[in-house]
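Student: I'd like to ask some things about the structure below.
Since every read-out is calculated from the coordinates, none of them should be taken as a lab result. Computed from a predicted model, the values in this text were never measured in an experiment. Neighbour counts run over all protein chains shown; Cβ positions are idealised from the backbone, glycine included.
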Amino acid sequence: MTTTLMLAWKSVNNRRATAILTILTVAVSVVLLLGVEHIRTQAKSSFANTISGTDLVVGGRSGQVNLLLYSVFRIGNATNNIDWKSYQEFSQHRSVDWAIPISLGDSHRGFRVMGTNQNYFEHFQFGQKQSLTLKKGQPFSGLFEAVIGADVAQSLNYKIGNEIIIAHGISDVAFSRHDTLPFKIVGVLEPTGTPVDKTIHVSLESTEAIHVGWESGAHLGATPTKEQLNNLDFQPKQITAMLIGLKSKIQTFALQRQINTYAKEPLSAILPGVALHELWSMMSVAEQALMVISGFVVVAGLLGMLSSLLTSLQERRREMAILRSMGARPLHVFSLLILEASTLTFLGIVVGIAFLYLLLIATAPLILQLYGIQISLTGLSGYEWGLLLAVQSAGILIGFIPAFRAYRQSLSDGMTIRV
């Protein structure tokens, strides 16, 4: 077996250029196969780690996926807002331990602005029940103070003490900016790998203050100065959503039903985990399509290897006849071709894994910045090892075709090759 393996290696090395191209073909297919699976699982993990310890997410009557997307992931917009009195009623409910109000609708240079209160810094959790921590500065306390996420600070090169102008709505254009009311950055949060990193946090009172003189997104009246606004008391009239933590998990479904049947206004209360499960169910077709495409690429790579082996086989008939004359049995010739296919497949897998991790190292920061998805450089999962085993097994099976042809030819050719 050792002699056959050495012969297989020397044979591959003798056809170095063809072998390298074959290995690269298999490697590319492995990169795509593992890349799709790795990013799929990492995206799921990143989404699942966005919010932790929150029992209910409450918003205006809407589908639970839509509510989850705009309230937690800052994707899309709310269909309806929540009256402030409703928030006060449920935040003081006997089952509720804490409640975090969220007000969305403004932006700054492509980043969402979120109005909230101190409960956000005290109770919001992500990942494995990790709390928010400040890298620099402190939480906002004044009317025109802001705490920014790590991506905002890095992308825009903002530091403590910088002033920013908030724009009305998602489009940051000149006519929608609150130019006369700049916010001072007083804190920068530690990176979380979640949409928190891409968010500018301000107080609920300040979201009300900057919209004095605005109506339905239009600047209709005179805007008071900072000094004038600082002397006034602002209380929100409406919020976009609220996150609720309960004293006991047993009370989750009872409170959810109470909120969903609330008579004063139409509300929806969802369980984040259930909504995430529905989201992945909706995306399962796309996931399966990507996996099928990846599978076809692997098949194409293996067929390319088969084509290479069959093409070279005609040129190697004399080689096989010489081996037979030196005492090699037909089984040795058969094993030689299978070992060559196995070696090429194995090297393709190794090179593919190396390419995959180099690609992840290079693109992980860009994926995090553009899409907010944290791609961790973890080891291959059991399922991924299973995929690689399937590729290796397929490579061995592919080797049986040229091996069988070489076996038959070596029996009939002898030292005289019919060309």
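Student: For region 378-403, list residues with backbone N below 19 Å from a point placed 7 Å from the Cα of Thr41 toward its Cβ?
Tutor: Zone members listed by number: 378-393.
Student: Something else now. For the pair Ser155/Ala300, report the inter-label distance in nm, with labels modelled 7 Å from Cα in the Cβ direction.
Tutor: 3.3 nm
Student: Stretched out fully, how many nm does the piece from Glu265 to Asn119 gain, at 0.36 nm a residue minus the Cα gap?
Tutor: Answer, rounded to one decimal: 50.1 nm.
Student: Which order do peptides 118-127, 283-292, 192-201 fall in by mean Cβ count within 10 Å, highest first?
Tutor: Order by mean packing, descending: 192-201, 118-127, 283-292.
Student: Give me the count of lysine pairs in region 56-270 whose alpha carbons sit under 20 angstrom apart, restricted to pairs 8 or more positions apart or on different chains.
Tutor: Going through region 56-270 pair by pair, I get 16.
Student: Next question. Run the simple label-point estimate for Glu163 and Gln88 please: 7 Å along Cα→C-beta, distance reported in nm.
Tutor: 3.4 nm
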